[in-house]
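All remarks here apply to the structure that follows.
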Amino acid sequence: MKEELIQKAYEVAKERYAAIGVDVEKAMDALQKISLSLHCWQADDVAGFEAQGALTGGIQATGNYPGKARNMEELRQDVLKAASYIPGTHRLNLHEIYGDFGGKFVDRDQVEPAHFESWMQWATENNMKLDFNSTSFSHPKSGNLSLSNPDKGIRDFWVEHTKRCRAIAEEMGRRQGDPCIMNLWVHDGSKDITVNRMLYRDLLKDSLDRIFEVEYKNMKDCVESKVFGIGLESYTVGSNDFYIGYGVSRNKIVTLDTGHFHPTESVADKLSSLLLFIPEIMLHVSRPVRWDSDHVTIMNDETMDLCKEIVRCNALDRVHIGLDYFDASINRIGAYVIGSRATQKCVLQALLEPLDTLRKYEANDQLFERLALLEEGKSLPWNAVWDMFCLKNGVPVGEEFIAEIQKYETDVTSKRN
């Protein structure tokens, strides 16, 4: 009976959208092709498998909800459980500290593709392609500076680490027949007033040039900025200006994390500028609350504007969407599902926008008509199209996933000590 109601609502929605020139089938087909890059660190609060101790270097997970993944097997199980409630086929984004080290300590300048062999096998078996990140935080040599450290020994350590991460990403991309997107973010900065800004940025530029000396075919490099880090609030070496300059000059992908800017900045507004000068953009979507707090993504104005701008720029093939939050205060599998589905809902609404008509109004200076249609579009039955998309993908429709995640908590995660 429920499927029949979903079908009826969908047919009405289909007619409503057709009346304003929107093909909902085409929109769903486009959404089907978009793979989110799910972040492995939501499952275990960015702990990884090195057992190095507490998080450092501007990284902080808040909350102590019971049942987090304690090992690789549990993390993989949780990721697959979350993915089973998210329509479509998606990717998994790994940090280097999530390698399969066989219970042995492998320092980060010694990591190799072999330490991710089991991940590559697992990904193939579960039809989930991989992305990758170097990891500069939470290490005895992290300190306040890594790739920009004046100490050549420390700087060389992190250069070697990142070079090896690129080699791992290359092997992942080769094995999966699709480029692995490798993100580079370092926490480097200063807690208080800095009098040597130029030095550290010059060192960072040199380190990056050394890291990118080798050209690869099966991976793509991203560089990610931040406005400030926890404990490093006064100065960030890898600022947005630095990485935009570096990305443009070196033809690299720039990563935009929605939590890494001033609260009044529009990340959506940055897309059209950057896409004129760099090949692609990587997005890390989260929800900042007053600061880069990495709350679970929801269907808010910021995420909606971001997704609409991707579509308006005709850039679905040039903008990669990854998630980057780690909320330890609620059910972690639920956090995955809420954030992923919210992002997809925003993309769907962007795809259902009557863009041709809106652009015609704008070109003719019909500004009343443009604003009126934008407002009316907000109340069109996009949710009926979303329900049909979920139904077609064989995942829970509406709030049905809540009870299923509650059951998984009762049966599985609540039994973890």
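Here, each number is a calculation from the coordinates, and none is a lab measurement. Worth saying up front: this structure is predicted, and the values here are computed from it rather than measured. Neighbour counts are summed over all protein chains in view; Cβ atoms, including those assigned to glycine, are modelled from backbone coordinates with ideal geometry.
Starting from the amide H of ASP257, placed 1.01 Å from N in the peptide plane, find each other amide H under 5 Å away whose residue is 5 or more places distant or on another chain.
SER225, HIS284
Straight-line reach from LYS2: which aspartates and glutamates fall under 12 Å, measuring Cα to Cα and dropping same-chain residues less than 8 apart?
Filter leaves ASP387, GLU400.
Please tell me which of these pairs span more than 18 angstrom C-alpha to C-alpha: LYS205/LYS226; LYS217/LYS252; LYS33/LYS345?
none
Rg/Rh for the range 36-109: what does it come to with C-alpha atoms and Rh from Kirkwood?
That ratio equals 0.97.
Using amide H atoms built in the peptide plane, which far-off residues or other-chain residues are under 5 Å from HIS39 H to H?
ASN93, LEU323
If the limit is 30 Å between Cα atoms, which of LYS104/LYS129; LYS26/LYS378; LYS163/LYS415 go over it?
LYS163/LYS415
Provide the gained length on full extension for the span GLU25 to VAL195, in nm with one decimal, where the gain is 0.36 nm per separating residue minus the Cα-Cα distance.
Net length gain for the segment: 55.5 nm.
Which ³J(HN,Hα) values in Hz, rounded to whole numbers, follow from the phi angles of the range 212-218 under the Karplus curve 6.51 cos²θ - 1.76 cosθ + 1.60, where θ = phi - 60° and Gly and Pro get x?
8, 4, 8, 8, 10, 9, 10
By per-residue mean of other Cβ atoms within 10 Å, what is the highest-first order of 203-212, 317-326, 95-104?
So the peptides 203-212, 317-326, 95-104, ranked by packing, come out 317-326, 203-212, 95-104.
Computed on alpha carbon atoms, what radius of gyration and Dmax characterise the chain, expressed in Å?
That works out to 21.8, 69 Å for Rg and Dmax.
Output the Kirkwood hydrodynamic radius of the range 134-236, Cα pairs only, in Å rounded to one decimal.
14.3 Å
Around CYS180, which amide H atoms from residues at least 5 apart in sequence, or from another chain, sit under 5 Å from its own amide H, with H modelled in the peptide plane?
Here the answer is GLY173, MET219, LYS220, since their amide H atoms fall under 5 Å of that of CYS180.
Suppose the chain between VAL214 and LEU367 were pulled fully straight at 0.36 nm per residue; how much longer would it get relative to their current alpha carbon spacing?
The VAL214-LEU367 span can extend by a further 50.0 nm.
On a straight-distance basis, which aspartates and glutamates could pair with LYS68 in a cross-link, Cα separation under 15 angstrom, same-chain partners fewer than 8 positions away excluded?
ASP44, ASP45, ASP78, ASP327, GLU409, ASP411
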